[in-house]
Amino acid sequence: MLIIILIIKASRQGKNLQDNTNEIYTKMQDIFKNIWEQQKYSEAKNGILLTLNLAVFALIIRVYFYIESFINSNNIIKCMFFLLILSFIWHIFLILNSFFPKDSNKENGKLSVNQINIFFFGDIQKLQSNRYLDLLIEKLNINKDDVNKDILLDLANQIVKLSEITQSKYQSFKDSFFRMYVIGFLYSIFFLYLYYKQEIDGLLNG
């Protein structure tokens, strides 16, 4: 009789272990899909930004050929222009770099953060995968001993790495926007300088 009771108890524990593991796995899959959609959205924004910057770059090159003789007539102006061109090329390279994130599953240095949103990639990417999995189990009010963590850790690692990539792409978009404004301002100053220099030279020569 005792053996039968132990078998039934072990069977129930095994069922609970499987049910809890499946519940967490399903929840983690939903989180992964949500972050994946965010990652695709951030990549689309970077793509639009890259297209816009390439169009502006092509326009600047056309302007250069239009006023080439004037720019080349002064070494200071020529140096200023090409420094601005180099800065624009570097800016475009950094945008392109966001399309090639690290594909290693090795996690960067992480923080042990207690106050975290388990669904938000900006918070998830701050954690190591084992810490994230523990936090997820804790927030779902499931006993850690009633879960098969081995199979879940691989998915947790994928979620953390995808969160890193998504955060990197969003950060790249914000940084690119800032650089675009700075470079745009510098080009505005430069072309205003060229305009007024031409006007002054015209008056002096006239």
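The values are calculated or read from the model by the stated rules, or taken from the named source; none is laboratory data. Small disclaimer: the values here were computed from a predicted structure and weren't measured. Here Cβ is always computed from backbone atoms with ideal geometry, including for glycine, and neighbour counts include all displayed protein chains.
When SER69, SER104 are screened for being loosely packed, with under 11 Cβ neighbours inside 10 Å, of a type outside the set (A, V, I, L, M), assigned to a helix (DSSP H, G or I) and modelled with pLDDT under 80, only SER69 passes.
Among residues of region 11-38 being of a type in the set (D, E, K, R) and at pLDDT below 80, the one that is farthest from LYS149 (Cα to Cα) is ARG12. Here GLY122 meets the list (1) at pLDDT below 80; (2) closer than 30 Å to ILE142 by Cβ; (3) small (Gly, Ala, Ser) almost entirely, failing just condition (1).
Residue count for region 72-101 under the criterion of being hydroxyl-bearing (Ser, Thr, Tyr), within 17 Å of MET180 (Cα to Cα) and either over 20 Å from the mean Cα position of the chain (by Cα) or at pLDDT 80 or above (or both): the result is 1.
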